[in-house]
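Inspection log for the structure reproduced underneath, given as structure tokens.
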Ligand code: PEP
Ligand code: MN
């Protein structure tokens, strides 16, 4: 593959990234939480529920990249303070999306992992800015990114000095419209051949449909993924964003049970 140097698997050991009590690239890491931080009550309830079910990190968007400017844009700083409270109460490190280069340095005081969303994958200024930050970066695949383009985006971050990048397959646009995106699970073994970086899967944005998330979570484990990120909401029908793909805490707990028994079974195969 052309151009990639620092992210190439050639000549590099596999990257491991310690966050809280888990290590990406070694443990199977599960990130869970609401699409958007909507209120303190909603976020704390989800945080406690996902923690009880065994999640390792809490996610929650406070700057939302919405298709419509009239959609819920996120709580911003108020939302970050809610995430900090959730971390204090549960011990879960927090992951949140950054949309703007101007927000990178001050957000470091609130979050444990930056998320770069699919829509910003080739925002090269933003990639360079998180490349200069001292926090791990969860880099979603763009909805039109080839593996080469996606890996070059990771190369931007590493080339600025930040080695801690976790890749996330979250589905790509195809001619199919029944699902929100087409979850490309072949990306997991393919990209893990090309790079030493950990690769996790987002079956929520990858399918856009709650009922498809349990089977695709198990398929992600079978594909060799290093983890999962999913969306959980106490009342999905009332969610301010992505309610159609939100799991209830009960559905999430059930997935966790199956995911970790499949993972244990697969470790027995090796
Ligand atoms: C999200 O995680 O809420 C999100 C907006 O994801 P993506 O960038 O993959 O669409
Ligand atoms: Mn979402």
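Taken together, the values in this text are just the output of simple stated rules run on the coordinates, not laboratory data. If you're wondering where the values come from, they're calculated on a predicted model, not measured in any experiment. All Cβ positions, glycine included, derive from the backbone under ideal geometry; neighbour counts span all protein chains shown.
Annotations for the structure displayed:
- Tensor-based shape of segment 160-246 (alpha-carbon gyration tensor, a/c under 1.5 rounded, otherwise prolate or oblate): prolate
- Whole-Å distance, taken between Cα centres, linking segment 1-59 and segment 89-167: 12
- In terms of its C-alpha gyration tensor, segment 66-135 comes out oblate, because a/c is 1.5 or above while a/b does not outweigh b/c.
- Kirkwood Rh (inverse of mean 1/r, distinct Cα pairs), the chain, angstrom: 18.2
- Relative contact order of the chain, defined on C-alpha pairs under 8 angstrom at six or more residues apart (%): 20
- Peptides 54-64, 6-16, 202-212 ordered by average Cβ neighbours within 10 Å, highest first: 54-64, 202-212, 6-16
- Shape of segment 89-196, Cα gyration tensor, a/c cut at 1.5: prolate
- Percent antiparallel among DSSP beta bridges (both partners in the chain, rounded to 5): 15
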